[in-house]
Amino acid sequence: MDIQMKRGLLDVCVLAAIKSKDSYGYQIMKDMKPYLELSESTLYTILKRLETANLLTVRTAEHGGRLRKYYHITGAGLKRIEDFKDEWKEILSIYRFVTKGDDGNE
Amino acid sequence: MNKQEFLARLRRGLSGIPQDDIEERIIFYSEMIDDRMEEGVSETEAVRSIGTVDEVVSQILTDMPLTRLVKEKNKPGRSMRAWEIVLLVLGFPVWLPLLIAAFAVILAAYIVGWSAVVSLWAVEASFWAAALGGAVSAAALAVRGGGLRGIAMLSVCFCCAGLSIFLFFGCKAVTKGILRLTKWAALRFKSMFVGREAA
């Protein structure tokens, strides 16, 4: 997949993984695994990027006698997901144009 | 390898990137290992599933912009001694031309590499053009009753077409190779900034 496109998709996927409730690094990786495989360092870079862009916030909480970082989606993050859905509609219509006549013999 | 060992090695491997960045990454990997162990995986296994330290370091470097590495390297860590400054200034006529020359040599080598790729593609294009030209002249000869000469021309045309198809794969492989080389060189260059423990 094209690198730019993949980067955008990864951002939205990570946001989607924390959309319904706050999550932590390993859980996000596990949730995404069936759809997009990514390494720890990639996830770290994405989380950092999303935090800098104010699309998510980070808090540290105690868990089982140690500290764990939880990621919380912001309003801007939710909006990013909605924007992605709109963009996707555009991409789908482009896709239909690109593949027009591929299977039928018109 | 246990967790402590892994994190210590990672810290060594990353020395050279901004300090707070190292701390944050160490915490991140530590948490990742702990969470895996919480699922019942052994410590060794949890560390192994993260990957080797070298892999992790090169991944981090690939994602990190070069400017950040250079900025960190040039941070005034300690003040220079007087004789170092004198040496630097006095040696200026010597080291500057040498530095420029070294850069020029590397740049030239890189340009030569790409020129080779470009010329290969040019050969490919000319074979293709020859095949096309051959086909046109063979058709012309056939129309004018050239007979044998037309057939000879046609066979030349097929030869060129065949060669151009062969060469196409070669050209593609070489282009891909030089792109990979560029990526590798960039990573090597970035590695020069990290991995050595601060004195």
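Values in this text are rule-based calculations from the coordinates and carry no lab data. Just so it is clear, the model here is predicted, and its values are computed rather than measured. Methodologically, a virtual Cβ is constructed for each residue, glycine included, from the backbone with ideal geometry; neighbour enumeration extends over all protein chains shown.
Please compute the contact order of the stretch B:98-191 in relative form: average sequence separation of alpha-carbon pairs under 8 Å and at least six residues apart, divided by the residue count, as a percent.
Relative contact order comes out at 32 percent.
Relative to the longest principal axis of chain B, what angle (0 to 90°, nearest 10) does the C-alpha long axis of helix B:19-38 take?
90 degrees
Please compute the net charge surrounding B:A138, taking Lys and Arg as +1 and Asp and Glu as -1 over other residues with Cβ under 14 Å from its Cβ.
Summing Lys/Arg as +1 and Asp/Glu as -1 gives +2.
Number of Lys-Lys pairs in chain B under 29 Å by Cα, sequence gap 8 or more or different chains?
Total qualifying Lys-Lys pairs in chain B comes to 11.
Distance between Cα centroids, the stretch B:79-154 to the stretch B:10-70: provide it in whole Å.
Rounded to whole Å, the Cα centres lie 41 Å apart.
Give me a comma-separated list of calculated 3J(HN,Hα) values for the stretch B:122-130, in order, Karplus coefficients 6.51, -1.76, 1.60 applied at θ = phi - 60°, integers in Hz, x for any Gly or Pro.
5, 4, 4, 5, 6, 4, 4, 5, 4
So what are the ³J(HN,Hα) numbers for the stretch A:71-82, from phi and the Karplus equation (6.51, -1.76, 1.60; θ = phi - 60°), rounded to whole Hz, Gly and Pro as x?
With coefficients 6.51, -1.76 and 1.60, one gets 10, 10, 7, 9, x, 5, x, 4, 5, 4, 5, 4 Hz.
Would you mind checking the tilt of helix B:148-191 against the longest principal axis of the Cα atoms of chain B, expressed as 0 to 90 degrees and rounded to 10?
Roughly 10 degrees between the two axes.
When a/c reaches 1.5 or more, the comparison of a/b and b/c decides; with that in mind, is chain B rounded, prolate or oblate per its Cα gyration tensor?
Cα axes put chain B in the oblate bin.
With a cut-off of 8 Å between alpha carbons and a minimum separation of six or more residues, what is the relative contact order of chain B in percent?
Reported relative contact order: 33 percent.
When only alpha-carbon atoms are used, what values of Rg and Dmax, in angstrom, describe the protein assembly as shown?
Cα-based Rg and Dmax for the protein assembly as shown come out at 28.6, 94 Å.
I need to check one value: relative contact order of chain A, counting alpha carbon pairs closer than 8 Å and at least 6 residues apart, in percent.
Reported as a whole number, the value is 27 percent.
Can you list the HN-Hα couplings for the stretch A:60-67, worked out from phi with the Karplus curve (6.51, -1.76, 1.60; θ = phi - 60°), rounded to whole Hz and with x for Gly and Pro?
9, 9, 6, 8, x, x, 9, 9
Helix B:3-14: angle to the longest alpha-carbon principal axis of chain B, degrees 0 to 90, nearest 10?
Long axis of B:3-14 versus the principal axis of chain B: about 60 degrees.
Using the 10 angstrom Cβ neighbour count as an exposure proxy, how do B:D63, B:D34, A:D86 rank, fewest first?
Ordered by Cβ neighbours within 10 Å, fewest first: A:D86, B:D63, B:D34.
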